[in-house]
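Comments concern the structure below.
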Amino acid sequence: SWSSLDARPLPAWFDEAKFGVFIHWGVFSVPSFGSEWFWWYWQKEKREAYVKFMDANYPPGFSYEDFGPLFTAEFFDANQWADILKASGAKYVVLTSKHHEGFTLWGSKYSWNWNAVDLGPKRDLVAELATSVRNRTDLHFGLYHSLFEWFNPLFLEDATNAFKTRKFPTSKSLPELYEIVTKYQPDIIWSDGDGNAPDTYWNSTGFLAWLYNDSPVRDTVVTNDRWGAGSICAHGGFYTCSDRYNPGHLLPHKWENCMTIDRGSWGYRRDAQLRDYLAIEDLVKQLAETVSCGGNLLMNIGPTHDGRIPVVFEERLRQVGAWLKVNGEAIYGTRPWRAQNDTVTPGVWYTFSPEEGKVNAIFLNWPISGVLELGEPQAKLGETQVKLAGYKELLKWVALGEKGMVIALPQLTPQQLPCQWGWTLQLTDVN
């Protein structure tokens with residue numbers, strides 16, 4: 001039952017990790033135009049831009065299935081991907097094992113001739129990435145899996161029957177889930193795409209009961225909340241609530257902000273402009289806000305059909321990693337503090353490091369005056385110490401009445417700054 005499944009404590013590693021990388025990769029990476037929902041927008045909604053794009057660039061009668069053999073992955077090097085993931089400072093990765101198009105990135109027995117082993121790359125892409133991530137990094141390996149498939153005839157038949165029949169989940173979706181768990185033993189099952197069908201149609205509680213009690217990953221696995229219509233933000237492991245969910249305040253339940261570096265799409269798109277990509281300043285801000293409010297950040301990239309991580313995504317990931325090298329203590333393994341952001345100075349977000357008893361104040365703007373005023377911490381004369389992460393000397397400060405303090409930041413040249421996009425003050429012995 002949901003009540004017993006929801007009572008399962010979330011394995012501790014997930015909350016401690018704080019930061020993961022999402023990878024949207026599939027046949028949609030071939031047209032790489034508009035969105036990973038290309039097939040739906042073109043064939044079902046018949047959106048003008050998509051119809052025009054196909055008319056202009058492909059022969060008459062060209063079907064979405066014809067993109068399958070063109071998903072080639074000839075430049076896919078799982079070791080290189082793993083090294084980039086490691087450099088990002090992420091603690092977990094989630095790969096789309098199957099999106100709503102139904103194409104599986106492993107040689108699924110239940111997706112005959114519509115998978116990466118039978119068609120296209122003729123390789124088990126899930127196995128290759130899982131192996132490299134486990135051999136070369138300490139990241140947890142996770143898999144995204146779409147419950148429904150837009151144009152699968154069995155799903156469409158069940159939908160026509162108002163989900164009173166269950167041909168699709170019993171012959172396709174559930175067997176795939178059991179298959180990827182048994183075969184790849186992921187630490188995350190990131191479910192998505194309920195097709196407006198209830199969790200009883202998907203038998204989500206039955207699958208999760210097996211996953212938590214009898215599966216090979218029962219002790220480590222975490223799941224999200226997308227297990228059928230009405231379960232999002234209500235049932236499952238951590239809550240996602242919606243895409244790009246960032247409430248800006250503390251939530252009582254563990255949650256995750258899944259978002260994209262490309263504002264317009266989850267999959268790679270050739271028509272993206274530079275302004276469509278979030279800058280590193282935006283990403284650091286998202287990370288600080290999310291973690292201070294008790295969430296994890298799952299930052300998405302979209303590789304190309306030939307298996308490359310586009311350079312702009314690699315750069316952003318390496319920049320986040322460089323920032324975390326200096327400021328990681330304010331992120332990994334932290335807990336939310338009593339205040340999430342500052343009451344006096346905007347753009348200051350707090351986290352708490354329980355082992356050291358440190359309050360971390362992440363500030364996103366370096367004040368022109370060289371003085372930072374904080375309204376929340378209560379300092380203690382002769383006891384409170386203030387450090388800037390990545391800088392050796394202790395900083396001078398004065399208390400402001402009952403609550404609050406003013407901190408003198410060191411006078412540094414741009415070259416001397418410990419990092420460029422957001423800084424951390426570490427406060428010990430404050431109330």
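In the chain, taking the dipole from charged Cβ atoms about the Cα centre, the farthest positive-side position among S88, V326, L156 is held by V326. Length available on full extension from V311 to N431: 0.36 nm per residue minus the Cα-Cα distance, which gives 38.7 nm. Here the contact order of the chain, divided by its residue count and restricted to Cα pairs under 8 Å and six or more residues apart, works out to 17 percent.
Could you give the length gained by full extension between K392 and S369, i.e. 0.36 nm per residue of separation minus their alpha carbon distance, to one decimal place?
On the way: separation 23, 0.36 × 23 = 8.28 nm, distance 2.12 nm.
Contour length minus Cα-Cα distance gives 6.2 nm.
Each Cα pair under 8 Å and six or more residues apart adds its separation to the average, and for region 314-417 the resulting relative contact order is 20 percent. Leaving out ligands and nucleic acids, and using a 1.4 Å probe, what accessible area per residue does the chain come to in Å²? That works out to 41 Å² per residue.
Placing unit charges on the Cβ atoms of the charged side chains and taking the dipole of the chain about its Cα centre, the candidate lying farthest along the positive direction among A279, T424, T240 is T424.
Quick check: residue separation of A7 and Q273 times 0.36 nm, minus the Cα distance between them. What number comes out in nm? Don't jump to the answer; show the numbers that get you there.
On the way: separation 266, 0.36 × 266 = 95.76 nm, distance 4.49 nm.
Result for the pair: 91.3 nm of gain on full extension.
Work through the residues other than S32 whose Cβ is under 14 Å from its Cβ and net out their charges, Lys, Arg +1 and Asp, Glu -1. Taking every Cβ under 14 Å from that of S32, the sum is -3.
On the chain, 51 percent of the accessible area sits on carbon and sulfur atoms, based on a 1.4 Å probe. Computed over region 31-189, the P(r) tail beyond 22 angstrom holds 50 percent of alpha carbon pairs. Remark: region 299-361 is approximated by an ellipsoid whose semi-axes, taken from the C-alpha gyration tensor as √(5λ), come to 32, 14, 10 Å, largest first.
For a 30 Å ceiling on Cα separation, which of these pairs sit above it: K325/K396; K91/K183; K91/K387; K122/K254; K254/K358? Pairs exceeding 30 Å: K122/K254.
Heavy-atom accessible surface of E314, to the nearest 10 Å², is about 50 Å², with a 1.4 Å probe and all protein chains retained.
Prolate is the label for region 261-404, because a/c, from the alpha-carbon gyration tensor with a ≥ b ≥ c as root eigenvalues, is 1.5 or above and a/b exceeds b/c.
What translational diffusion coefficient, in µm²/s and rounded to a whole number, does the Stokes-Einstein relation yield for the chain at 37 °C and a viscosity of 0.692 mPa s, taking the hydrodynamic radius as the Kirkwood radius over Cα pairs?
Details: Rh = 23.1 Å.
The Stokes-Einstein estimate is 142 µm²/s.
Need one word for region 335-428: rounded, prolate or oblate. Basis is the Cα gyration tensor (sqrt eigenvalues a ≥ b ≥ c); a/c below 1.5 gives rounded, then a/b vs b/c decides. Rounded is the answer for region 335-428, as its axis ratio a/c remains below 1.5. The long axis of helix 48-57 is offset from the longest Cα principal axis of the chain by roughly 60 degrees. The distance separating the Cα centre of region 345-420 from that of region 31-68 comes to 52 Å.
Evaluate E = 1/(1 + (r/R0)^6) for D77 and K183, where r is the Cβ-Cβ distance and R0 equals 30 Å; express this FRET efficiency to the nearest 0.05. All intermediate terms of the calculation are to be shown ahead of the outcome.
Working: r = 22 Å, r/R0 = 0.73.
So, using R0 = 30 Å, E works out to roughly 0.85.
The values are calculated or read from the model by the stated rules, or taken from the named source; none is laboratory data. Bear in mind the structure is a predicted one, so any value in this text is a computation, not a measurement. All Cβ positions, glycine included, derive from the backbone under ideal geometry; neighbour counts span all protein chains shown. Keep in mind that these areas ignore ligands, DNA and RNA; they rest on the heavy atoms of the full protein, side chains included. Shrake-Rupley method; radii C 1.70, N 1.55, O 1.52, S 1.80 Å.
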